[in-house]
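To start, the structure itself, in structure tokens.
Quick note: the coordinates plus some simple rules give every number you see, no bench work behind them. Keep in mind it's a predicted model, so treat the numbers as computed, not measured. In this analysis, Cβ positions are derived from the backbone assuming ideal geometry, glycine residues included, and neighbour counts consider all displayed protein chains.
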Amino acid sequence: MKIGYGSIQGFTHRKLEYNNQDFVLVSENEECNIGLVADGCGSGANSEVGAQLGLKYLLRKITKQLNSNWQINLKEELQDYSRQIANLHSDKPKEFIKDFLLYTIIGFVETNNKVTLFYYGDGVIIIDDQIKVINQNNQPKYVNNELIGNEGGQFIYEEISLDKQTLVIGSDGIEDFIEGINKGEIEEYKSLIQFINDEDNFNNPIHIPKLLKKYSRKGIIKDDCSLIIMKK
């Protein structure tokens, strides 16, 4: 299995001097491949903190429970973890969660060429040339929404078999990159499929971050943009 990934600060966040509020985490071994992307809430002062902590907790949980049902109580355990962090660090846990712990998640777990896709909130999934945009009208249901009295949601799961397919997951910033390719603004590629199949994505670990950063600086990728590509 080949995996490539990258995460960059979008043009708008660069101008506003925000941090990159996305986070990517990848684990590769003989037993399984796991790819996770979190997108922190744009209005949260430091939501990249929650994105990083949430994914690290999630990776540990999935790895420990890989041979059982890791999906059980996934939201509840993440929320319990967040509640503990907020109570430990603040006398105003709801305000702490608003500032630090609001994020969406999209990920995959691959074992024996079978892939479990899962997501909570918005994002993008691309299987071969089929693009699925998970659109929540710029009001994504963050994992910890219910802890601050906002409307929550559920993890959505999808099982696929990975034969010769390519899989891309990422934050909604990918939409800017796809639009740039379609408009001919990404000079390296004439199509999305050409980008996905570029072997440099897998052979050179800085290829994807460098490419995305180039078009963030040019103003084409406006939002923080994070993606993971996987193929056989």
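The sum of -39500 (n - 2.57) across all DSSP H runs of n ≥ 4, divided by the residue count of the chain, sets its helix-only mean residue ellipticity at 222 nm to -9500 deg cm²/dmol. Modelled spin-label separation between GLU151 and LYS218, with each label point placed 7 Å from Cα along the Cα-to-Cβ direction: 3.8 nm. The mean sequence distance of close C-alpha pairs (under 8 Å, at least 6 residues apart), as a share of the length of the chain, puts its relative contact order at 30 percent.
How many percent of the alpha carbon pairs in segment 1-109 exceed a separation of 23 Å? When every Cα pair of segment 1-109 is considered, 33 percent fall beyond 23 Å.
Can you tell me the relative contact order of segment 1-114? Whole percent, Cα pairs under 8 Å, sequence separation 6 or more.
Details: 148 pairs, mean separation 35.6, N = 114.
After rounding, I find 31 percent.
Taking the square roots of 5 times each eigenvalue of the Cα gyration tensor of segment 170-219, largest first, gives ellipsoid semi-axes of 16, 13, 10 Å.
For an R0 of 22 angstrom, estimate the FRET efficiency from the Cβ-Cβ distance between LYS56 and ASN87 and round to the nearest 0.05. Numbers along the way, then the final one.
Values: r = 19 Å, r/R0 = 0.87.
Once rounded, the FRET efficiency stands at 0.70.
In terms of distances greater than 24 angstrom between alpha carbons, the cross-link table entries LYS61/LYS92; LYS64/LYS210; LYS15/LYS213; LYS98/LYS214; LYS2/LYS213; LYS56/LYS141 yield LYS61/LYS92; LYS64/LYS210; LYS98/LYS214.
For segment 218-226, putting each phi into the Karplus relation 6.51 cos²θ - 1.76 cosθ + 1.60 with θ = phi - 60° gives couplings of 7, x, 7, 8, 7, 8, 3, 10, 9 Hz, in residue order, rounded to whole numbers and with x for Gly and Pro.
Taking label positions 7 Å along the Cα-Cβ direction at both GLN165 and ILE134, the computed distance is 1.5 nm, reported to one decimal. With both labels modelled 7 Å from their Cα along Cα-to-Cβ, the ASN67 to ASN29 distance reads 1.2 nm. Beyond 25 Å, the tail of the calculated P(r) for the chain holds 38 percent of the Cα pairs.
Note on GLU77/ASN46: beta-carbon distance plugged into 1/(1 + (r/R0)^6) with R0 of 25 Å gives a FRET efficiency of 0.65.
Note on SER191 and ASN112: the extension gain reaches 25.5 nm, defined as 0.36 nm multiplied by sequence separation minus the Cα-Cα distance.
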